[in-house]
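The values are calculated or read from the model by the stated rules, or taken from the named source; none is laboratory data. Given the structure is predicted, the values throughout are model-derived calculations rather than measurements. Every residue, glycine among them, receives a Cβ derived from its backbone with ideal geometry; neighbour counts consider all protein chains shown. Please note that ligands, DNA and RNA were not included when accessible areas were found on the heavy atoms of the full protein model with its side chains. Shrake-Rupley method; radii C 1.70, N 1.55, O 1.52, S 1.80 Å.
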Amino acid sequence: MSKLQIIMYHYVRDLQNSRYPNIRGLSDKNFMKQIDYLEANYTLVTPQDVIEAYNGGRILPSNACLLTFDDGYSDHFNTVFPVLENRGIKGFFSMPGRILEEEKLLDVNKIHYILAASDLKQVWMIFVDRLKAILRDNNLPSYEEYWENCNLTSRFDPPEIIFIKRMLQVELPIKIREEFTDWLYEKIVDVPENVMVRELYMSREQMKLMKKSGMVFGIHGYEHAWLNRMTFAEAEDDIKKALDAMHGIVDKDGWIICYPYGSYSKQVEEIAKKKGAVLGITTKSMAADTERDGVFSLPRLDTNDFPPISSKFKELQ
């Protein structure tokens, strides 16, 4: 077997001195400690190394490790990029295309900041009270039915947070959940959306600079939606729009897809391959094995699985 640790990162910043310290992220100090640990215990490989390993042109070292950074946050330019460039590490980065094309705050990030801007007890009370009214007014199933039917298990979040995320990301009808998310954001978060957009995401120019320095970019959908819940035509359109938005940053041929929410399916794989993808990354929590896992369904572990946060990665091999 050829094991490959693929590690997933999102927010990486000076959390204590940031606008919302409770955002679920990795501090800059712990990021440095983690990179120290990984360099001492693994061989950090590039996305191209992994692609070549699947094509038979390269054998990965037994302790191979690939770093991946999702969602296109400015953290990745300001905090991550200088560290990787200084150490000669080539990371993989992905951004939903809508950020560049429309300069909109993604719903997934609105939800993150709704949860980070106040304590969970207060957010929960506001959320449930409003949710029950929405369900009643729109003749939808009851709160109790949704709670019963949602999968509320997670390695990192309590059931209340999982329920909020599931309802706002996928369970409610799309128009209702978008309006509900906007309402919660305006009520709980004290930063206007246009300000948050400028602060939160990388610019096209920053990504081009990173690419010039050897960092690799792929697509993360256009809407950051569940691709495996779309029709074939919807998923194909989303991926096409993502590629168009990332023109000049992601090459049209030989690109990598990072499935939003890990939303892999055989149908999504078929579409991605048809449009020139050569590698696909999920969020399934385990070490990858190039002899077991398909090139379009590679699992990843989380930064929180590794020191200095924890050593859970040992349980997930």
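Details
- Summarising the strand pairing of the chain, around 10 percent of its internal DSSP beta bridges are antiparallel.
- Surface composition of the chain: carbon plus sulfur atoms contribute 47% of the solvent-accessible area (1.4 Å probe, protein chains only, all chains present).
- The alpha carbon gyration tensor of segment 216-296 gives principal lengths a ≥ b ≥ c with a/c of 1.5 or higher and a/b no greater than b/c, which makes the shape oblate.
- In order along segment 108-118, the phi-based Karplus estimate (6.51 cos²θ - 1.76 cosθ + 1.60, θ = phi - 60°) of 3J(HN,Hα) comes to 4, 7, 4, 5, 4, 6, 4, 6, 8, 7, 8 Hz; Gly and Pro are listed as x.
- Label-point separation, Glu144 to Glu199 (7 Å along Cα→Cβ), nm: 4.1 nm
- Nearest-0.05 FRET efficiency for Thr153 and Glu102, computed from C-beta distance (R0 30 Å): 0.35
- Take segment 114-271 with all the other protein chains still there, run a 1.4 Å probe, and you get 50 Å² of accessible area per residue.
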